[in-house]
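**Q** Structure incoming, see below.
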Amino acid sequence: MFSHERIIIRRGPESGLPIIVAVHSTALGQALGGCRLAVYPDWADGLADALRLSAAMTDKCALAGLPNGGGKTVVALSSPPDDAMRQAALHDVGTVIEDLGGIYATGPDVGTGPDDMVTIGSRTGNVFCRPTSAGGSGDSSPGTAVGTVAALRAVCAARFGSPALDGRSFAVLGLGRVGGRVARLLSEAGAKLVVADVDPARRALADEVGATWATPDEALTAAVDVVVPSALGGVLTPASVAALRCSAVAGPANNQLDTPSTADLLHARGILWAPDYVVSAGGVIAATAVELRHETPAQVAARLDGIGDTLGRIFAMAARDGGTPSTAARTLITQRVG
Ligand SMILES: NC(=O)c1ccc[n+]([C@@H]2O[C@H](COP(=O)([O-])OP(=O)(O)OC[C@H]3O[C@@H](n4cnc5c(N)ncnc54)[C@H](O)[C@@H]3O)[C@@H](O)[C@H]2O)c1
């Protein structure tokens, strides 16, 4: 079903690159969603990504209780850009967003970071997560990591009857900006860790937090309490779900399911799956709390903790109705967004 409110595909006036902005919904307020700068086989693949990711942002904002909808920007590259082309593309993104008149604001995503938001911000004020030195809330990954740990406590409460992380075992796939922080926080809480990353340089962090280093496949199929996908999406497929040996899967990686029906396969195997758009909401929650509502660190922390409460509600609804957490989450989204 076609559900997007507005889709802009424009040849960037400075870069000549396809600049794609998908505004999925403004039913609850300004649409939010990061700017992805990535190489695609064809610009139409970038459009497909923008459509999918902007709809997921609507779900994320709705379940995070934010007065915002979902959007996404994709700059579809055919090859990695040089510095001048990258700057030109970011200027073009700012121009396109400014032309939308405030219905959508962007932030960092794959291929962009807080410094790039300054470049976009030279063309539009509708941008989040500039560095703190430039008046923004900076890197969103600390908030995402704290929210993920709140989610993991809720998963443990639902699955094992206690939110305690002490003595529980986790396999963290991907030790990047979010996964690395999640591994540290879990280790500090007394959890046992198996970790993996395709980048061998991340092994130093594994040693630092006392984790067992594994290949990504070994980590995914490790006999642990919870697998925590923290790298790329699409990690849950019929084949990988059949090979899982964990009790639950919950992590910040976006779009973990290859198709929505894979949630049913997890349910049939008795594996509790926490919808990624709930788990990974900490970044957008923290950025909007700081930049829009000027909240104190304690207020932001309480909001991030609320991710655990939301998940708890979703798990309780699913258990009551005999459905999956995905179905329960969808019901809550429909109640809020319509
Ligand atoms: N940064 C945020 O605030 C935020 C917010 C919401 C969702 N997310 C999602 O969380 C995930 C991680 O984001 P990030 O900001 O930490 O990214 P990142 O690029 O900093 O880290 C990703 C890490 O995963 C590793 N990796 C890549 N492929 C892998 C594989 N097949 N197996 C194991 N490791 C692999 C990379 O080497 C890297 O260390 C992404 O899916 C992202 O969309 C991030």
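**Q** Residues that are surrounded by fewer than 21 Cβ atoms within 10 Å (Cβ to Cβ): which helices (runs of 4 or more DSSP H) entirely in segment 221-338 hold 1 or more of them? If you could, list the steps in order and put the result at the bottom.
**A** Values: elements: 238-243, 262-268, 276-279, 282-291, 297-321, 325-337.
Per the criteria, 238-243, 262-268, 282-291, 297-321, 325-337.
Yes/no matrix, rows are residues, columns are (1) out of contact with any helix residue (DSSP H, G or I) (no Cβ under 6 Å at 6 or more places or on another chain); (2) surrounded by 17 or more Cβ atoms within 10 Å (Cβ to Cβ); (3) in the same structural domain as ALA298 (by TED's automatic domain parsing):
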position: HIS91; (1), (2), (3): yes, yes, no
position: ALA105; (1), (2), (3): yes, yes, no
position: MET117; (1), (2), (3): yes, yes, no
position: PHE128; (1), (2), (3): no, yes, no
position: THR148; (1), (2), (3): no, yes, yes
position: ARG181; (1), (2), (3): no, yes, yes
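**Q** I need the full set of residues from segment 191-205 which are farther than 12 Å from LEU173 by Cβ and open to solvent by less than 30 Å² (accessible area, probe 1.4 Å), in order please.
**A** Correct list: ALA191, LEU205.
**Q** Right, SER15: out of contact with any Gly (no Cβ under 9 Å at 6 or more places or on another chain) and either open to solvent by less than 30 Å² (accessible area, probe 1.4 Å) or among the basic types (Lys, Arg) (or both) or not?
**A** Numbers: out of contact with any Gly (no Cβ under 9 Å at 6 or more places or on another chain): yes; either open to solvent by less than 30 Å² (accessible area, probe 1.4 Å) or among the basic types (Lys, Arg) (or both): yes.
Taking the combined requirement at face value, the residue satisfies it.
For every residue, the table says whether it meets (1) in the same structural domain as THR119 (by TED's automatic domain parsing); (2) open to solvent by 40 Å² or more (accessible area, probe 1.4 Å); (3) of a type in the set (A, V, I, L, M); (4) out of contact with any helix residue (DSSP H, G or I) (no Cβ under 9 Å at 6 or more places or on another chain).
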{"position": "ILE20", "(1), (2), (3), (4)": "yes, no, yes, no"}
{"position": "LEU28", "(1), (2), (3), (4)": "yes, yes, yes, no"}
{"position": "LEU51", "(1), (2), (3), (4)": "yes, yes, yes, yes"}
{"position": "ALA64", "(1), (2), (3), (4)": "no, no, yes, no"}
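**Q** Could you tell me which residue of segment 130-146 is surrounded by the most Cβ atoms within 10 Å (Cβ to Cβ), considering only residues that are more than 9 Å from the ligand (Cβ to nearest atom) and among the hydrophobic types (A, V, I, L, M, F, W, C)? Spell out the reasoning first.
**A** Just the residues of segment 130-146 that are more than 9 Å from the ligand (Cβ to nearest atom), to begin with: 130-138, 146.
Filter once more, so that each one left must be among the hydrophobic types (A, V, I, L, M, F, W, C): 134, 146.
Numbers: ALA134: 13, VAL146: 23.
Result: VAL146.
**Q** Quick one: is GLY179 of a type outside the set (S, T, N, Q) and in a helix (DSSP H, G or I)?
**A** On the way: of a type outside the set (S, T, N, Q): yes; in a helix (DSSP H, G or I): yes.
Yes, satisfied.
**Q** Yes or no: segment 73-90 includes at least one residue that is within 16 Å of the ligand (Cβ to nearest atom), within 21 Å of GLY46 (Cα to Cα), of a type in the set (D, E, K, R) and not in a helix (DSSP H, G or I).
**A** So far as segment 73-90 goes, no, none of its residues is within 16 Å of the ligand (Cβ to nearest atom), within 21 Å of GLY46 (Cα to Cα), of a type in the set (D, E, K, R) and not in a helix (DSSP H, G or I).
**Q** Across segment 159-179, what is the number of residues that are open to solvent by 40 Å² or more (accessible area, probe 1.4 Å) and near the ligand (Cβ under 9 Å from one of its atoms)?
**A** 1
The values are calculated or read from the model by the stated rules, or taken from the named source; none is laboratory data. Worth saying up front: this structure is predicted, and the values here are computed from it rather than measured. Cβ sites come from the backbone with ideal geometry, for glycine too, and all protein chains shown count toward neighbours. Note: accessible area is taken over every heavy atom of the protein model, side chains too, but ligands, DNA and RNA are not part of it. Shrake-Rupley method; radii C 1.70, N 1.55, O 1.52, S 1.80 Å.
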